[in-house]
Amino acid sequence: MIIYMTEGGKYFPVPKKLSAPRGLYINLTNRCNNDCPFCLRDKKIMTDDATLWLEREPTVEEVKTELDKVDFNFVSEIIFCGFGEPTIRLHEVVELLRYVKKIQPTIPTRLNTNGLGELEHGREIAEDFKNILDTVSISLNAATAERYLQITRSKFGLKAFDAMLTFAEHSKKFIPKVVMTVVDKVTPPEEIEQCKKICAERNLILRVRPYESS
């Protein structure tokens, strides 16, 4: 699915009518520069008619066509994600963010990311999101570079952790809300406390996400 909604751990195509507004997810890629062992890519069981695996990456025009079919009266937020890392397709994400802000300027936008887009592209990217992105949610996952690499198995090695935090710092200049996340049952309670300190020192929000295994 290119665009979808979710409820109770289930993914489904956008229905024509809903009882209440909910988030609309845009899925752009299967590719990722991390290889987290707890990732839903390896854990989630999905039916053929409700799978997030893409046979190929959609073009910008294809995504726009899908968005033009949506009744936005039932959309509370537009979230860019992927069954991979969306900033790998940075140009497409930015172009589509501009589009949704043009057609639905009052609906909040969010990017779910591992925060490694600057390493991926070799430059600062946070300013690309100025005035088009309301929230960025960055996977913190761990309190040290060594633990982060153990958890994420990032292709960038030990430098990934500091790069992710640096991206968060850059984002504060251009994106109204910067949220860091950890996953319970993956990050131990004592390490979550360390993550809280890391975020407090940087004036960042920390959210503990529930682990989703199936």
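The values are calculated or read from the model by the stated rules, or taken from the named source; none is laboratory data. None of these values were measured; they are calculated from a predicted model. Glycine gets a Cβ as well: all are built from the backbone with ideal geometry, and neighbour counts include every protein chain shown. Surface areas here come from the heavy atoms of the whole protein model, side chains and all, with no ligands, DNA or RNA. Shrake-Rupley method; radii C 1.70, N 1.55, O 1.52, S 1.80 Å.
At-a-glance table
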{"item": "Among (i) 16.7, 47; (ii) 17.6, 54; (iii) 22.9, 75, the entry derived from the coordinates for Rg and Dmax of the Cα atoms in Å", "result": "(i)"}
{"item": "For the chain, cysteines whose Cβ has no other cysteine Cβ within reach (under 4.7 Å)", "result": "C32, C81, C195, C199"}
{"item": "Area accessible to solvent at R110, 1.4 Å probe radius, in Å²", "result": "40"}
{"item": "Accessible surface of the stretch 1-135, 1.4 Å probe, proportion on carbon and sulfur as whole %", "result": "48"}
{"item": "Whether the stretch 107-151 is rounded, prolate or oblate, judged on the alpha carbon gyration tensor where a/c under 1.5 counts as rounded", "result": "oblate"}
{"item": "Rounded to whole Hz, the Karplus (6.51, -1.76, 1.60) HN-Hα couplings of the stretch 112-129, x for glycine and proline", "result": "9, 8, 7, x, 9, x, 6, 5, 4, 9, x, 7, 6, 10, 4, 5, 4, 9"}
{"item": "The stretch 108-214, accessible area per residue, ligands and nucleic acids excluded (1.4 Å, Å²)", "result": "48"}
{"item": "Violating pairs (Cα-Cα greater than 27 angstrom) within the set K69/K172; K64/K155; K16/K102; K16/K101; K17/K177", "result": "K69/K172; K64/K155; K17/K177"}
